[in-house]
Structure formats: structure tokens, C-alpha cells
Ligand code: UDP
Ligand code: MG
């Protein structure tokens, strides 16, 4: 189904330490279909806009600084119940609390540098997918 998508971002810490390949392999093995993929370096303004909902949080500025500190890999993933299934695969926001075998447990190094983003709802998945990808960059 067209709506069974989520937006994932391999964060700068994981890109920097060579984890793109291992993370893509886990995504693949978990049965997600990659229907869009790109590597980009966000400007501070773009990172602010992406994390707009967190603007009032104490960690906002530092999160924006981190997310614009180096290239990230953004992708649209398709799967039945994609948002929830992907959040299971990535694990808790805090890598220390994430289940063994999850991406954040394996590759996250702190709450902020938790290796990967996953959308929290289908509405946000659709918005976030459009933030990164134009129509000719996605393949349904
Ligand atoms: N974050 C942070 N400090 C916090 C909480 C969150 O730096 O105390 C960062 C972290 O990178 C997280 C992102 O902000 O992934 C978005 O936070 P959210 O609560 O939406 O967590 P997520 O949906 O990514 O699990
Ligand atoms: Mg979130």
C-alpha cells in the first residue's frame, strides 16, 4: 500500500563511523523495501525545519548542530505497518534502553547520537518523505 511507508535517516555519527552498509543490510534483512535513497548534508536551517516539532525542547539547538554536522543517508522504506515495524527494528530513543539486536543498541552512542531516525506516525512519514524526496526521486 502506498501509505505503508516510513522515513529513515542514518545520522551523522553512524555515517562517520562506516555503518551505512551494516545498517542497510539490517533494513534489508528485516524485509523493508527501499523506495528512495540519498546522501545529503543538511544545513542548520534544514535540520531546524525537519525537527520543527522539537523547537521548544532543551536539546533542540544541540540536535540541530549534530544533524547538520556531516552527511546523512535519508530513505523512504515500504513495509506492512512500516512506521511501527521500523521503530521496533531501531529500538528505544536511548540506545542504553534499546532491545538487544536493534539498530540503536548496536550503533547508537548516546540519546542524541542514536544512529538512526524513524518517523513516529504515517502522517509524519508522508511529510518527512516529501521533505527529502521529490516525485521523480521515489519509486513505488
Ligand atoms: N534527542 C536528544 N536529546 C533528548 C531526546 C532526543 O538529543 O533528550 C534527539 C535524538 O537524536 C532523537 C531526536 O532528538 O532521536 C528526536 O527525539 P524523539 O523524542 O522524537 O525520539 P525518536 O522519535 O527519534 O526516538
Ligand atoms: Mg521522533
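Laid out as a table, the results:
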| quantity | calculated |
| --- | --- |
| Selected residue (only one of 80, 104, 87, 55 is at pLDDT 95 or above, exposed (fewer than 13 other Cβ atoms within 10 Å of the Cβ) and within 15 Å of ligand 2 (Cβ to nearest atom)) | 55 |
| Pair list, Cβ under 8 Å, 6 or more apart: region 72-97 residue farther than 19 Å from residue 22 by Cβ and outside any helix (DSSP H, G or I), other residue within 12 Å of ligand 1 (Cβ to nearest atom) and at pLDDT below 95 | none |
| Test: residue 53 is out of contact with any strand residue (DSSP E or B) (no Cβ under 9 Å at 6 or more places or on another chain), within 21 Å of residue 122 (Cα to Cα) and within 11 Å of ligand 1 (Cβ to nearest atom) | yes |
| Residue 104 in a helix (DSSP H, G or I), touching a strand residue (DSSP E or B) at 6+ places or on another chain (Cβ under 6 Å) and within 14 Å of residue 9 (Cβ to Cβ) | no |
| Counted residues, region 107-140 - those being part of a helix (DSSP H, G or I) and closer than 25 Å to residue 49 by Cβ | 14 |
| Checklist (1) over 20 Å from residue 139 (Cβ atoms); (2) loosely packed, with under 13 Cβ neighbours inside 10 Å applied to residue 93, failing item | (2) |
| Condition check for residue 63: near ligand 1 (Cβ under 10 Å from one of its atoms) and in contact (Cβ under 8 Å) with a residue 40 or more places away in the chain | yes |
| Tally of residues being out of contact with any helix residue (DSSP H, G or I) (no Cβ under 8 Å at 6 or more places or on another chain) and not in a strand (DSSP E or B) across region 32-56 | 7 |
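The values are calculated or read from the model by the stated rules, or taken from the named source; none is laboratory data. Quantities reported herein were computed from a predicted structural model and do not represent experimental measurements. A quick note on method: Cβ atoms are made from the backbone with ideal geometry, for glycine too, and the neighbour counts reach across all protein chains shown.
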